[in-house]
Amino acid sequence: MTGALTWARLSYRQQMWELLLVVLGVAGVTAGMLWFANTLTAMRAVNPECLAGIGGGFLGVPMEEGPAAACQAIIGQYYETESLASQLLNVAWAAPFGMGVILGAPLVAREIDGGTAPLAWSLSRSRMGWLLRRIAYVALFGLALLAVMAVASELLAAAILPDRTLDEDFTWFGRRGLLVAARGVGAIMLGVLVGAIIGRVLPAVLASAFVIALVFIGLSLAQDQLNQSQATLLRRDLESAQRPDVEVTGLAVAYGIETIDGEFVSYNEAFDRGLEPNYSGVGGKVYESEADIAAGRFIGHDAFLVIPGERYPELVLRDSVFAVFLGLTALAAAGVVVVRRRPA
Amino acid sequence: MTWARLTFRLQPSSIGFVALVCLGLTVLTLNLPSMLAECGSPGAPDNCRVIHLFGSPLGDAVGMTYMAIGLAMYAVPLVLGVPILTSEIERRTAMIAWSLSASRMRWLAWRAGSVLVVGLLLIGVMALAAEWMAAADAPDTDLGFAQHGARGISLMTRAGLMFAASLAVGAVVGRLLPSLLIGLALAVGLSMAVAVLPPYGVEPTELTAAETNGGSPFTTGGAYRAPDGTPISHDEAAAMNMAAFEEYSPDLPPDSVLPQDVSYGIAGSRYFEVLVRESAVLVGATVLVVGIAAAVVQRRRPE
């Protein structure tokens, strides 16, 4: 226990500034989230007649229904507040990647850059053990901060949409809850790997920003492909006054056309095949020209691939596992780099 | 060329990163108009979809490029300015360097000045390319305030101030990564400050229709006038509009019975006047901040 505390204290001393700044940042964002959550809840409590039903977003509300004229100013102020609050959820999305750059990249790079790595490695029983002890405190600290932010983001989301069951809703997917912390694991370990390879602080920080962005974009594209293979094909009626609930709470993977043969093609694929889905008609039918509308010749129906909201916990868990697995892979790679690195 | 080589040897990663970003954006900016023109023609090649995808759904490709230039305008000076002093202080070479130099001021002037020259050259190339793209986007009109702050002199003065701020932060904090983080926060603050400062004391006037629709004016506000020219409020204008549309429905009411939108601001033809004032303010602020950095370096205790 004493050894662990010593390592923790040492890790804190070596990255004191970064840890303090990150704590300040997370504290500020979390405080903002909680303040907005409280403000929005209070606004709805004070103006129930104007803001009733607004807590469900577009869920179950026909599009042509509008609020009373007397409520316009209150609703405008509410939406303005909600818009600002939503920006904090975007910060929650970016926070894990920022942690990777700020906390992960300098961990090993600073030791190598400062010339203290060979001494530290020789004093330690094994380089791998040194690496794990070096990372442990900072990674756990960073994850704890992300967990705080993840909880606050869930509370804010619930305050913005109190009438929705957010456990079965993909709204702000990746900007709240478990995924915020899980991505932090991947990003921090990727940062450590880049730092171990480059061995200099500033280049590692700059490079890790690019590497983390590229890796997570690649991961996101792969997950999109996976989502597309598991999604359900549903038709859309753009003329309808009300959006179906599944379109509001589900994860829309792709928009396109269900052809007459029952095949789904995206709009881009449709154009590539020589189809021209230029017009939408009643019932979601798609036509190529006004003449086709008059003749009743449609080429398909507006459609989209969607994963229903009920599968939200499943996808959060799946994507979190991917992110953590990415992190562990990066950590293993960083271990190999550290073990094989020549003393500088 | 000795000073250039030495400057590069002291900050190879920073200068390399900055060169990559500035020259990459310059090449993109110079080629984008012709790429978009080709994509707009019949029989556009398949890779046009990538260009449109690049711009969508956040906006068009040109807008995204200006956004990238706007980010680079703060990121480039930050990456150049922060390591100048922090790397020397962290590695404890500052005391040796300062004692070997005739004076700390002379050392700072050479050390920061050489990096500033390199940075301004690279940023200048990017600023010129942005200016050219703005002109290509509006070939037959005066640019006015279009893309102000993301092209030409306005871009360079902002970058210069950001460089000075980065230098000062590095001098005060003395550690690389914390200085980068604080500098990042400063960049956000600076971008917000320069957004609210215009028009730097230039008095706004009522804009004519020609000034509003062409020449990219700087708009400071708006108002409404009744058809007889009497100033009216927003609610009165909305009520007047509603009444007119109801009266003439299903036809559209004539313009003579509708309230008129009036815009206030600075006409595009007066852009140079605002630009000179802004440059004076930003250059003055830059000199002040550099002075602060110099004072910190002069008084800093040995480590």
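The values are calculated or read from the model by the stated rules, or taken from the named source; none is laboratory data. Source: prediction; values computed, not measured. Methodologically, a virtual Cβ is constructed for each residue, glycine included, from the backbone with ideal geometry; neighbour enumeration extends over all protein chains shown.
Observations on the model:
- Near pairs, Cβ below 6 angstrom, 6+ apart or cross-chain, from the range A:166-189 (farther than 15 Å from A:I217 by Cα) to any residue that is of a type in the set (V, I, T) and surrounded by 20 or more Cβ atoms within 10 Å (Cβ to Cβ): A:D169/A:T249
- Qualifying residue in the range A:165-188 (condition: of a type in the set (K, R), at pLDDT 95 or above and within 30 Å of A:Y79 (Cβ to Cβ)): yes
- Residue in the range A:286-314 that is surrounded by the most Cβ atoms within 10 Å (Cβ to Cβ), counting only those that are under 27 Å from A:Q230 (Cβ atoms) and more than 26 Å from the chain's Cα centre (by Cα): A:V286
- In the set (1) closer than 26 Å to B:T157 by Cβ; (2) free of Cβ contacts under 8 Å to residues at least 60 places away in the same chain; (3) in a loop (DSSP other than H, G, I, E, B), the condition left unmet by B:A193 is number (3).
- Filter result for A:A254 (surrounded by 19 or more Cβ atoms within 10 Å (Cβ to Cβ), part of a strand (DSSP E or B) and either among the small types (G, A, S) or outside the structural domain of A:L146 (by TED's automatic domain parsing) (or both)): yes
- Of the criteria (1) small (G, A, S); (2) without any contact (Cβ under 8 Å) to a residue 24 or more places away in the chain; (3) surrounded by 15 or more Cβ atoms within 10 Å (Cβ to Cβ); (4) away from chain B (no Cβ under 14 Å), which one A:A196 fails: (2)
- Only a single criterion out of (1) modelled with pLDDT under 85; (2) surrounded by 13 or more Cβ atoms within 10 Å (Cβ to Cβ); (3) assigned to a helix (DSSP H, G or I) is not satisfied by B:D235, namely (2).
- Residue in the range A:180-191 that is crowded, with 24+ Cβ neighbours inside 10 Å and within 14 Å of another protein chain (Cβ to nearest Cβ) present: yes
- Candidate set from the range A:319-340 (those that are surrounded by fewer than 15 Cβ atoms within 10 Å (Cβ to Cβ) and not hydroxyl-bearing (S, T, Y)); member that is nearest to A:Y267 (Cα to Cα): A:V321
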